[in-house]
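The values are calculated or read from the model by the stated rules, or taken from the named source; none is laboratory data. Just so you know, these numbers come straight off a predicted model, no measurement behind them. Positions of Cβ are backbone-derived with ideal geometry, glycine not excepted, and every protein chain shown enters the neighbour counts.
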Amino acid sequence: MRGSLSFSSQRNFAATLLLLPALALLIGLLLYPLVLGIRSAFEMTGADGATKFVGGRLFSVLAHEPRFLADVLRSVVYVVGNVGISFVLGYGAALVITRPVRAAGIVRATIIIPWITPPVVSAVLFRSMVDPSKGPASHVVQYFLGSGFMILGNAQSAMATVIVHSVWRSFPFIMLMIAAGIAAIPNELYESAAVEGCGAFRRFRYITLPLTKLHCAIVLLIVTMWTIQDAEGVYALTSGGPGYSTEVVALRLFRESFLNFDLHIAAAVGVVLLLISGVFAALYLSLVGGKRVEL
Amino acid sequence: MFALGTVARVKARPRRRTWSWAVILVGAFLSVIMGCRPGGNAIKLAHIYDPLSAPSARANCEWIERVLQRYREMHPDVEISIEQFKWDQIDAKLMTDYRAGASHDLAWTSPQWMAKHFDEGDLLDVSPLLNWSAQETADFSWSPAWKTAEREGKVIGVPNGVHTRVVCFRRDYFEEAGLDPDNPPQTLDEILEAAVKLTRQEEGEDVWGLGVYCGRERGTIELAFAPLLWHYGGELWDETTGRAIFASEAGVKAARFLYDLMHKHKVCPTWCATGTYDDDLLEPFLNGRMAMVWGWGSYWIEILEQKGWIQGLFPPTPDGKTVVADVFVTPTIPQAQFTNAWLMSVHAISKRPQDAANLLDFLVQPEQLIDFPDAGLPARRSMWDRPEYQTQFYRRWRRAAERGRSMPATPHYNELADGIAAAIQEILLQDADAAKTLKRAEDEYNARFAQL
């Protein structure tokens, strides 16, 4: 017993030693910049070029700014809108393509095109579709709502366009991931359920859904992170306008750091973005409930 | 034997694979290293023209290639490498790289960023490097762009042209509407009256009387809002207090003028508040959908020549004439017109500052600038006296340039421009109250920057 403990300790020690280089890389490349970034959110550079500690002043500025509070709210709307719609569409598409239907391969290949298209390219495509004078989508909308209606000139329809664009890009990824989960479910389970007299809905409710729960949590987490951090798609599509009506926190971060070169306020915005991401991550991880899902 | 040979082949295969992987990895590593190598000993010239974006940008790239070829012929020992950044990010890029210790040599910079560059210290004082005579300096120092780059005797940028704006109009449309193209509007009332006459809303053939850009880019403040605000007696920013003051009575009047153009008189399309400067003004004008464009830049003269709407005016010749399109000075009061230019600056951590300054000196010589499309107009005052700039077309441009002024020297100009553009969009597209919306934007700016 004593010998086995000692062997186990030695193995643990060796494992720890082997992990050290990776740990050092993690600290050097991830934690250190993260700490620097967070520290930067508590500093300001004066006109003399000197950087000084200002406590939570930048957070206070942001908290008192109606524009930023609206940015946070819009980020939540953007995430909920995109993830909600693309998840339902993606799950539905996954159920379809995992069935033995004709031309499933072609459908699968076609559907992933939006996902592999770079976001700026797809945003420019969308932009040309909703161009008020020559965009085909604009012509359709103007037929119903009058010739003066501009999709990107209205706060609500501009935000809807941003969400639709993101859904168009996200749902193929969700579909692929969920389809992989569905394909891994043993057929015997469905056969037994069929023998027991379960209909399609009950098979979905008691077999497919529980056994793809982990895939759902992972895919929701990934797409949520993408959406929260999406600045390029929104910027290329609306630049945050009209007014600030489509400006999300990630776009604000991009604007402050790369367009305004206001690195300290950008760091503060980044910290808020990190917190929002943390909240969503915690929510999704609680979906899995810390339990190991056996497939 | 056969079996042994098979085993040998099977065993050899992984080895070959290992070798191929090693070769690929080493190749990739070397490519990365070579890619990161900053052009060896070359002078790095950073410009803003993306050859894939628009024909005008391609023309500027071709000009750069042409003049650099001449420079290389004169200095065969000098190597020059080109860097390209987005026009609205190059200044921030120079600052970020300065902090990171990544050097550039010569770069295009924007006058609106000069106050921030002075604070940051990322650009060199080029006056001792250029060592120009007082006369040569005076040839440039008349320009509003030069003034933004000069502080306490230090000069951190030299203009390579003059960007001013005028109203460009279609002579044929004027005649069709019973207006005299040789006597264009001179006041705001007159331009409005002309715009009403020029607007045609016919099925499949809409022509808008006047296009004014009011979108989400900083062109909104520079081309539309600020000239009108100055015209009505207001200011954007107070240098002594560091406070934004654009939400004044004059600011509200300026915003209402723009609103009325779109919604009351319906002479300007509302989509001028949604797209980009090029999409909303340049393209519709060239496609015949606008009779007048407010904010036509001097960098677009070449396009008119290519279109055949002016002849012999780019590059300028003494016999140049307008044919289909013409220009007139924006009908605001004197000094209520935005004028700037691209500057050329030497990065503070340049490894070859003197060589960079020599190249700068070469690039701003009259014989180089004469066919630089983005120069727009001559940066050197002496060039204006040449016969080719004595046509009525260029006399109008000169008058516009002389009536011009630069944007305020706030280190937070981008935030100011961004806040105003957003407020104007809200007023024009969402019917937001002009006074309240401008005040909110002003308060947001002041809360962040006025007390710093």
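Annotations
- Scanning segment A:220-277 for residues that are in a loop (DSSP other than H, G, I, E, B) and hydroxyl-bearing (Ser, Thr, Tyr) gives A:Ser239, A:Tyr244, A:Ser245, A:Thr246.
One line per residue, one yes/no per condition, for (1) touching a residue at least 40 places away in the same chain (Cβ under 8 Å); (2) within 20 Å of the chain's Cα centre (by Cα); (3) within 12 Å of chain B (Cβ to nearest Cβ):
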position: A:Glu232; (1), (2), (3): yes, yes, no
position: A:Ala236; (1), (2), (3): yes, yes, yes
position: A:Phe258; (1), (2), (3): no, no, yes
position: A:Leu263; (1), (2), (3): yes, no, yes
position: A:Val271; (1), (2), (3): yes, yes, no
position: A:Ser277; (1), (2), (3): yes, yes, no
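- The residues in segment A:6-54 that are within 14 Å of chain B (Cβ to nearest Cβ) and more than 22 Å from A:Leu274 (Cα to Cα) can be counted, and the count is 8.
- Residue that is farthest from the other protein chains (Cβ to nearest Cβ), among those in segment B:393-426 that are more than 30 Å from A:Pro66 (Cβ to Cβ) and without any contact (Cβ under 8 Å) to a residue 12 or more places away in the chain: B:Arg395
Table: residues versus (1) in the same structural domain as B:Gln306 (by TED's automatic domain parsing); (2) farther than 29 Å from A:Arg252 by Cβ; (3) out of contact with any strand residue (DSSP E or B) (no Cβ under 6 Å at 6 or more places or on another chain); (4) touching a residue at least 60 places away in the same chain (Cβ under 8 Å).
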site: B:Asp238; (1), (2), (3), (4): yes, no, yes, no
site: B:Gly251; (1), (2), (3), (4): yes, no, yes, yes
site: B:Asp260; (1), (2), (3), (4): yes, yes, yes, no
site: B:Asp279; (1), (2), (3), (4): yes, no, yes, no
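- Residue check for B:Trp230: within 24 Å of the chain's Cα centre (by Cα), modelled with pLDDT under 95 and not basic (Lys, Arg): no
- Hey, B:Val155 without any contact (Cβ under 8 Å) to a residue 40 or more places away in the chain, surrounded by 23 or more Cβ atoms within 10 Å (Cβ to Cβ) and either under 26 Å from B:Ala226 (Cβ atoms) or out of contact with any strand residue (DSSP E or B) (no Cβ under 9 Å at 6 or more places or on another chain) (or both) or not: yes
- Boolean, B:Glu65 is under 22 Å from the mean Cα position of the chain (by Cα) and more than 19 Å from B:Ala149 (Cα to Cα): yes
- Exactly one residue out of A:Leu152, A:Leu62, A:Leu58 is touching a strand residue (DSSP E or B) at 6+ places or on another chain (Cβ under 8 Å), in contact (Cβ under 8 Å) with a residue 24 or more places away in the chain and either buried (at least 17 other Cβ atoms within 10 Å of the Cβ) or of a type in the set (D, E, K, R) (or both), and it is A:Leu58.
- Residues in segment B:259-280 that are among the hydrophobic types (A, V, I, L, M, F, W, C), outside any loop (DSSP other than H, G, I, E, B) and within 14 Å of chain A (Cβ to nearest Cβ): B:Met262, B:Trp271, B:Cys272, B:Ala273.
- Test: residue in segment A:282-290 that is out of contact with any Asp or Glu (no Cβ under 7 Å at 6 or more places or on another chain) and either under 30 Å from A:Arg57 (Cα atoms) or within 14 Å of another protein chain (Cβ to nearest Cβ) (or both): yes
- Residues of segment B:179-216 satisfying the condition of being surrounded by fewer than 18 Cβ atoms within 10 Å (Cβ to Cβ) and either in a helix (DSSP H, G or I) or in contact with a Gly (Cβ under 7 Å, 6 or more places away or on another chain) (or both): B:Leu188, B:Asp189, B:Glu190, B:Glu193, B:Val196, B:Lys197
- Among the residues of segment A:127-146, not a single one is within 13 Å of another protein chain (Cβ to nearest Cβ), surrounded by fewer than 16 Cβ atoms within 10 Å (Cβ to Cβ), in contact (Cβ under 8 Å) with a residue 24 or more places away in the chain and over 30 Å from A:Ile185 (Cα atoms).
- In summary, A:Ala160 fulfils each of the numbered conditions (1) buried (at least 17 other Cβ atoms within 10 Å of the Cβ); (2) away from every other protein chain (no Cβ under 14 Å) with the single exception of condition (1).
- Qualifying residue in segment B:336-350 (condition: buried (at least 19 other Cβ atoms within 10 Å of the Cβ), modelled with pLDDT of 95 or more, of a type in the set (S, T, N, Q) and not in a loop (DSSP other than H, G, I, E, B)): yes
- Residue match in segment B:173-189 (condition: closer than 30 Å to B:Gln368 by Cβ and of a type in the set (Gly, Ala, Ser)): no
- Residues that are within 10 Å of chain B (Cβ to nearest Cβ) and either in a loop (DSSP other than H, G, I, E, B) or farther than 22 Å from B:Gly419 by Cβ (or both) within segment A:55-100 comprise A:His64, A:Glu65, listed in sequence order.
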